[in-house]
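Visitor: The following block contains the structure, expressed as structure tokens.
Derivation of every value follows stated rules applied to the coordinates shown; laboratory data play no part. It should be emphasised that the depicted structure is a prediction, and the values quoted were computed from it without experimental measurement. Note that we place each Cβ from the backbone using ideal geometry, even for glycine, and neighbour counts take in every protein chain shown.
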């Protein structure tokens, strides 16, 4: 499970906590901040470089610490993602920079990402990148239904700070965290159960034991039917568009 953080002022996440998060979520780091009318995106595999960039930001920042479940650990797969291509330039060894108007970070694992990507006609290698495309192409009700158990941050460059979507865990003053599994004094064991034998969402989800359980509710059978129906509708619409182009 990754970690998302919205830092609303400079240094809201201390260096100690930043490095602790990097130790438990060490598969890549993303730092996003507003610069003029655009968002600047920093991606790196080195936590010390990520922290140096974050510490220099005088204002709001979106941070992502990756725990890779889908897609190889590499700078291109660090968050955030955008439906617009973010062209990354290596500004120093191991530190990549890009600019965009829309950025989406994700904490969670979405098992149906390949089917949704196919339905939307997008070519991606990370489940989180599907969510970035889905947010800007689906009706909001459909997005909320499909990703109701995910934690997502969406930042439009026209806005002062990112929007936190889903069951984020805690707000400590100017710092908002999607989970606090990196903090030893609240760390809880996790159950990882996936139903890989079907292409429908599993009734079992990855969630902490005895912690923050009230923030979740199990999916009902009717909700499974709604999700499946939505997948089918997306696939039909994709097929219709393909037929028209043909």
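Visitor: Nearest 0.05, what FRET efficiency do residue 101 and residue 14 give at R0 = 30 Å with Cβ-Cβ as r?
Guide: 0.45
Visitor: If you take the Cα Rg of the stretch 117-180 and divide it by 2.2 N^0.38 Å, with N the number of residues, what do you get?
Guide: 1.23
Visitor: Related question: Could you grab the Rg to Rh ratio for the stretch 107-148? Cα atoms only, Kirkwood for Rh.
Guide: Rg/Rh: 0.91.
Visitor: While we're looking at this one, here's another question. Suppose the chain between residue 145 and residue 118 were pulled fully straight at 0.36 nm per residue; how much longer would it get relative to their current alpha carbon spacing?
Guide: 7.9 nm
Visitor: Oh, and also: Ranked highest first by average number of other Cβ atoms within 10 Å, how do 168-179, 91-102, 124-135 line up?
Guide: Per-residue mean Cβ counts within 10 Å order the peptides as 124-135, 168-179, 91-102.
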